[in-house]
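Everything on this sheet refers to the single structure shown next.
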Amino acid sequence: MEKITQKAYAKINLGLDVLSRRPDGYHLVKMIMQTVDLYDLLTIEKTDEPGIQFKLLQDGQAVTTLVPEDDTNLVCKAARKLMEKTGRNLGVSFTLQKNIPVAAGMAGGSTDAAAALTGMNRLFALGLSDEELREIAVTIGADVPYCIMGGTALSEGIGEILTPLPSPPQVPLVIVKPDVSVSTKAVYENLHVESLQKHPDIDGMIEAIKKGDLTGMTDRMENVLETVTIALHPVIAKIKRLLEQQGAIKALMSGSGPTVFAVFEEEAKADAAAKVLETTGHRVIRTTFVNPKSKEEFK
Ligand code: ATP
């Protein structure tokens, strides 16, 4: 095997709470992570000469001007860390087809890094366990260990303590990405945890997911970062309202934003809402939840 192509899936947060801020500036979180059926494609090829080559493929809809095309790309960073850890000086060439909206709260960079780690492990038969890959992953970014795992999970600590959960009921989703970019760092810096009036009921959401109770889950969908990002970009609140007017059970900002996702009960309603949202000029994606490790799990 000389070449493989990996799907690097995007995530959304069904719930996002921030518990406290550590003295080192990191925030302790409690989030429900969920993979959605939207992915970048990372092709990994062996080369004769040692070293890392990287090429970015443009997608008409994804804003790729923000994605570094040099060795600061998280894919290259992941490759370097993997080589350091294994003490191997490998020759590798990456081609990344970017489809996931960038700086959008969908862990685009983190999932590409995760795909680089798992893909190189396979291609070069490095024999690292998932646990070992996750140890390298957390040194790249807090969301990278989750991206290796995928599916539905509770994420705690700074994002590195992961508990797998069963998949929630399968529902049609509409994702809307307004044309503004948000810096995750800036959003967290502007969050004042101590003055949060209300915290999401993440434990209740876990129970609802375990029971397959869709309304129990959607009733608890909240994201404490909305307060910060919506103040900066009121368009997010407008999109949420519009989606709910179009019949969404619930619409919520994902991660630090600005992407909004909406849960629908019926395919037809989701399709119709997606059409309406398209007329606003924002990028619209019709998708579903997915568990990359067991696609057949969803009916
Ligand atoms: P998160 O949800 O983890 O906060 P995000 O979706 O908000 O992530 P990303 O799309 O990961 O944000 O991009 C954040 C920044 O990371 C980009 O502005 C870009 O400079 C940098 N970056 C490095 N590598 C990549 C990559 N492969 N894809 C996207 N962005 C990358």
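Would you point out which residue out of Ala125, Ala116, Ala103 is in the same structural domain as Ile52 (by TED's automatic domain parsing) and touching a strand residue (DSSP E or B) at 6+ places or on another chain (Cβ under 8 Å)?
Exactly one residue qualifies, and that residue is Ala116.
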Checklist outcome for this item: Pairs returned, first residue in the range 46-57 that is among the β-branched types (Val, Ile, Thr), second residue that is assigned to a strand (DSSP E or B), beta-carbon separation under 8 angstrom, 6 or more apart or interchain, are Thr47/Gln53; Thr47/Gly91; Thr47/Val92; Thr47/Ser93; Ile52/Val92; Ile52/Ser93; Ile52/Phe94
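Kindly evaluate Gly212 against the criterion of being more than 16 Å from the ligand (Cβ to nearest atom), surrounded by fewer than 21 Cβ atoms within 10 Å (Cβ to Cβ), touching a residue at least 40 places away in the same chain (Cβ under 8 Å) and not aliphatic (A, V, I, L, M).
Against the criterion (more than 16 Å from the ligand (Cβ to nearest atom), surrounded by fewer than 21 Cβ atoms within 10 Å (Cβ to Cβ), touching a residue at least 40 places away in the same chain (Cβ under 8 Å) and not aliphatic (A, V, I, L, M)), Gly212 qualifies.
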Checklist entry - Does any residue of the range 160-167 turn out to be in contact with a Gly (Cβ under 6 Å, 6 or more places away or on another chain) and either of a type in the set (D, E, K, R) or within 26 Å of Ala274 (Cα to Cα) (or both)? => result no
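Okay, residues lined up against (1) surrounded by fewer than 23 Cβ atoms within 10 Å (Cβ to Cβ); (2) of a type in the set (Asp, Glu):
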residue: Lys3; (1), (2): yes, no
residue: Tyr9; (1), (2): no, no
residue: Leu19; (1), (2): yes, no
residue: Pro23; (1), (2): yes, no
residue: His27; (1), (2): yes, no
residue: Lys30; (1), (2): yes, no
residue: Met33; (1), (2): no, no
residue: Asp37; (1), (2): yes, yes
residue: Asp40; (1), (2): no, yes
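Would you confirm whether or not the range 158-177 contains a residue that is within 18 Å of His27 (Cβ to Cβ), acidic (Asp, Glu) and within 17 Å of the chain's Cα centre (by Cα)?
Taking the range 158-177 first, the residues within 18 Å of His27 (Cβ to Cβ) are 158-162.
Filter again for acidic (Asp, Glu), leaving 160.
Pick out the ones that are also within 17 Å of the chain's Cα centre (by Cα) and you get 160.
Within the range 158-177, one or more residues are within 18 Å of His27 (Cβ to Cβ), acidic (Asp, Glu) and within 17 Å of the chain's Cα centre (by Cα).
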Checklist entry - Any residue at all in the range 47-57 that is within 16 Å of the ligand (Cβ to nearest atom), assigned to a strand (DSSP E or B) and of a type in the set (S, T, N, Q)? => result yes
Item to check | the range 177-200 - residue that is within 11 Å of Val102 (Cα to Cα) and of a type in the set (A, V, I, L, M) and, of those, farthest from the ligand (Cβ to nearest atom) | outcome: Val180
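Here is a check on your reading of the model: is Ser195 of a type in the set (Gly, Ala, Ser) and not assigned by TED's automatic domain parsing to the domain that holds His27?
yes
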Item to check | Test: Leu38 is of a type in the set (A, V, I, L, M, F, W, C) and over 20 Å from His199 (Cα atoms) | outcome: yes
Checklist outcome for this item: (1) more than 22 Å from the chain's Cα centre (by Cα); (2) near the ligand (Cβ under 10 Å from one of its atoms) all hold for Lys3 apart from (2)
Next on the checklist: Scan the range 12-27 and tell me whether some residue there is touching a Cys at 6+ places or on another chain (Cβ under 9 Å), closer than 25 Å to Ser256 by Cβ and near the ligand (Cβ under 10 Å from one of its atoms).
Outcome noted: no
Next on the checklist: Among the residues in the range 221-230, are any over 25 Å from Pro164 (Cα atoms) and in contact with a His (Cβ under 7 Å, 6 or more places away or on another chain)?
Outcome noted: no
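The values are calculated or read from the model by the stated rules, or taken from the named source; none is laboratory data. The model shown is predicted, which means the values in this text are computed figures rather than measured ones. Please note: Cβ atoms are built from the backbone with ideal geometry, for glycine as well, and neighbour counts cover all protein chains shown.
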